[in-house]
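Heads up: the structure comes next, in C-alpha cells.
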Amino acid sequence: MSDRVILEVCVDTPAGLAAAIEGGADRIELCSALALQGLTPAPGLMALAAEASIPIYPMIRPRNGDFVYDAGDLDAIFRDIDAVREAGLAGVVVGANRSTGELDVDALSMLVAHAEGLGVTLHRAFDLTPDPMAALETAIDLGFERILTSGCALNAMAGAETIAALVERAAGRIAILAGGGVNPSNVAQLVARTGVREVHGSCSGPMAYGQGQGHEDRAYKLGFVQDGLRDTDRAVVEAVVKVLAEL
C-alpha cells in the first residue's frame, strides 16, 4: 500500500469538480452550498461526477444548521443515499449528533446500514462531540471508513494536537482525514504535526464567473450574486498536490 498522503477536495460546482480533478485530487467530497459548510448536491451534479475516474463521496446533509435530525430529516438522508447508489458513486459523507453533542448512535447506525455497499465518511459532526476519543471509538464500532475532523477546533492547524492524538488512538483502525483551513502553505506542517495520511480542503480562489456577466449591479441587488464568491482553483489544487508529493 502506498504511503502517499491523499488529497480530498470539496467542490460544489461543475467547474470546481473539473478543476479539482485536473489539479490532481485523489478523492472528491461533492456538495452544494459550500458557503454553508456543504449541503447535499443536486442529482445533476452527482450524475456529472459519476463520469470521474476518482472516488466521489457526496455530502449528505439535507438542510442548513446543526446535525440533530428528526424523522423527516433522516427520511431525506435515506433517499439521498439511495440517489448516490443509483448514480454509481463510491460513497457518502454523513453525520448526526444528539442535542448534547454526542454522536447520535441510533441515527448513525441506521445511516451506515442504509449505505451498505458504499464507503462511508463521518463528517465534522464529530467536531461537536464533547469527548473526541469516545467518539472515535463509536465511529469505529459503527463501521465508518474515516473521520473528517479539524480536531474540534476552528481549523485543522489549531486542532493539530487533538488530530495527532486521534491518529495515535486510531492506530490504523480508521482513517483520520484532517480538514479545515488546509492550504499549500500549511499542509506540510499539518501532516508533520499530526501524522495524518489524508487531508481535505476546498483549494479555492476568487470565483472567475457567475458575477452577472454585464448585469452585475442588478443581479447583486436582487440577491443572486453575493460578496466573496469562491470556487475550487486548479492552481491551488496543484500546489497542494506538489507539496504532498515532496513529503
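Kindly establish whether VAL196 is at pLDDT 95 or above and either under 19 Å from PHE67 (Cβ atoms) or part of a strand (DSSP E or B) (or both).
On the way: at pLDDT 95 or above: yes; either under 19 Å from PHE67 (Cβ atoms) or part of a strand (DSSP E or B) (or both): no.
No.
For residues in the stretch 26-43 being of a type outside the set (D, E, K, R) and not in a loop (DSSP other than H, G, I, E, B), which is farthest from ARG234 (Cα to Cα)?
Once the filter is applied, the top-ranked residue is PRO43.
In the list ALA125, ALA47, which residue meets the criterion of being out of contact with any Ser or Thr (no Cβ under 9 Å at 6 or more places or on another chain), within 26 Å of ALA160 (Cα to Cα), in contact (Cβ under 8 Å) with a residue 12 or more places away in the chain and part of a helix (DSSP H, G or I)?
On inspection, the qualifying residue turns out to be ALA125.
If I filter the stretch 50-74 down to residues being in a helix (DSSP H, G or I) and without any contact (Cβ under 8 Å) to a residue 24 or more places away in the chain, which single residue comes out as nearest to VAL93 (Cα to Cα)? Walk me through it before giving the result.
If we filter the stretch 50-74 for residues that are in a helix (DSSP H, G or I), which is where we start, we get 71-74.
Imposing the further condition that a residue be without any contact (Cβ under 8 Å) to a residue 24 or more places away in the chain reduces the set to 71-73.
Numbers: ALA71: 19, GLY72: 18, ASP73: 15 Å.
For the stretch 50-74, the residue satisfying everything is ASP73.
From LEU166, LEU222, LEU154, LEU247, grab the single residue that is over 22 Å from ALA90 (Cβ atoms) and surrounded by 21 or more Cβ atoms within 10 Å (Cβ to Cβ). Walk me through how you get there before you give the answer.
Values: LEU222 fails: surrounded by 21 or more Cβ atoms within 10 Å (Cβ to Cβ); LEU154 fails: surrounded by 21 or more Cβ atoms within 10 Å (Cβ to Cβ); LEU247 fails: surrounded by 21 or more Cβ atoms within 10 Å (Cβ to Cβ).
The match here is LEU166.
Just give me the residues in the stretch 128-140 being among the charged types (D, E, K, R) and either in contact with a strand residue (DSSP E or B) (Cβ under 6 Å, 6 or more places away or on another chain) or in a helix (DSSP H, G or I) (or both), in sequence order.
Residues of the stretch 128-140 that are among the charged types (D, E, K, R), as a first pass: 131, 137.
The answer is GLU137, and nothing else.
Hey, can you tell me all the residues within the stretch 98-136 that are of a type outside the set (A, V, I, L, M) and touching a helix residue (DSSP H, G or I) at 6+ places or on another chain (Cβ under 8 Å)?
Selection gives GLY101, GLU102, SER109, HIS114, GLY117, PHE126, THR129, PRO132.
Could you list, in sequence order, the residues of the stretch 6-21 that are among the β-branched types (Val, Ile, Thr) and in a helix (DSSP H, G or I)? Outline the logic, then answer.
Our first condition is that a residue be among the β-branched types (Val, Ile, Thr); within the stretch 6-21, this holds for 6, 9, 11, 13, 21.
Correct list: ILE21 only.
Among the residues of the stretch 34-64, which ones are at pLDDT below 95 and either among the small types (Gly, Ala, Ser) or closer than 25 Å to LEU244 by Cβ (or both)? Don't jump to the end; show me each part of the working.
Narrowing the stretch 34-64 to residues at pLDDT below 95: 34-37.
Of everything in the stretch 34-64, those that are at pLDDT below 95 and either among the small types (Gly, Ala, Ser) or closer than 25 Å to LEU244 by Cβ (or both) turn out to be LEU34, ALA35, GLN37.
Please pick out the residue among ALA71, ALA135 that is surrounded by 14 or more Cβ atoms within 10 Å (Cβ to Cβ) and of a type in the set (Gly, Ala, Ser).
Working: ALA71 fails: surrounded by 14 or more Cβ atoms within 10 Å (Cβ to Cβ).
Of the residues listed, the single one that is surrounded by 14 or more Cβ atoms within 10 Å (Cβ to Cβ) and of a type in the set (Gly, Ala, Ser) is ALA135.
Among what's in the stretch 40-68 and is exposed (fewer than 13 other Cβ atoms within 10 Å of the Cβ) and not small (Gly, Ala, Ser), pick the residue that is nearest to ALA25 (Cα to Cα).
Pass one, the stretch 40-68, residues exposed (fewer than 13 other Cβ atoms within 10 Å of the Cβ): 44, 51, 53, 64-66.
Right, trim to not small (Gly, Ala, Ser) and you get 51, 64, 66.
On the way: GLU51: 15, ASN64: 27, ASP66: 28 Å.
Within the stretch 40-68, the match that is nearest to ALA25 (Cα to Cα) is GLU51.
Is it fair to say VAL225 is at pLDDT below 90, β-branched (Val, Ile, Thr) and outside any strand (DSSP E or B)?
Numbers: at pLDDT below 90: yes; β-branched (Val, Ile, Thr): yes; outside any strand (DSSP E or B): yes.
Yes: the conditions hold for VAL225.
In the stretch 123-145, is there at least one residue being on the phi > 0 side of the Ramachandran plot, modelled with pLDDT of 95 or more, within 16 Å of the chain's Cα centre (by Cα) and not aromatic (Phe, Trp, Tyr)?
No, that holds for no residue.
Output the residues belonging to the stretch 16-56 that are farther than 22 Å from VAL187 by Cα and touching an Asp or Glu at 6+ places or on another chain (Cβ under 6 Å).
Scanning the stretch 16-56 gives CYS31, SER32, THR40.
The values are calculated or read from the model by the stated rules, or taken from the named source; none is laboratory data. These numbers were taken from a predicted model, which means no experiment stands behind them. Glycine gets a Cβ as well: all are built from the backbone with ideal geometry, and neighbour counts include every protein chain shown.
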